[in-house]
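Data first, discussion second: the structure below is written as structure tokens.
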Amino acid sequence: MPETINVSNRNSGKDKEMSFGEHLDDLRGHIIRGIIAVILVAIIAFLFKDFFFNQVILAPKDAGFITNLWLCEFSHLIGINTLCINQVPFTIINIDL
């Protein structure tokens, strides 16, 4: 006689039906983890603000920036040197608060 397998418990675990309150509890957990992640990233960005401004935001002002080097090489290939950026003149009003 073939053996019968009970498949009624196959959906136990993560695939079970959740009530509205359980969905709200799950949503609350995701929101709290998201807020904690945003706060941690903000604290880390504030602690490394000099690196963040000089190496990320203001990096394209340097002639040695990788995109500036690629544009300069491309301009040499097509015969115009106007894409070579040697210096970008700009003034920062105040970043030292």
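Odds and ends about this structure:
- Within this structure, Ile5 passes the test of being surrounded by fewer than 10 Cβ atoms within 10 Å (Cβ to Cβ), modelled with pLDDT under 90 and of a type in the set (A, V, I, L, M, F, W, C).
- Counted residues, the range 70-87 - those being surrounded by fewer than 11 Cβ atoms within 10 Å (Cβ to Cβ) and in contact (Cβ under 8 Å) with a residue 12 or more places away in the chain: 2
- The range 24-69 - residue that is of a type in the set (Asp, Glu) and closer than 30 Å to Pro89 by Cβ and, of those, surrounded by the fewest Cβ atoms within 10 Å (Cβ to Cβ): Asp50
- Residue match in the range 66-78 (condition: in contact with a helix residue (DSSP H, G or I) (Cβ under 9 Å, 6 or more places away or on another chain), in a loop (DSSP other than H, G, I, E, B) and of a type outside the set (D, E, K, R)): no
- Count of the range 67-88 residues which are within 24 Å of Lys49 (Cβ to Cβ) and not polar (S, T, N, Q): 1
The values are calculated or read from the model by the stated rules, or taken from the named source; none is laboratory data. These figures come from a predicted structure and were not determined experimentally. When we count neighbours, we look across all protein chains shown, and the Cβ atoms used for this are built from the backbone with ideal geometry, even at glycine.
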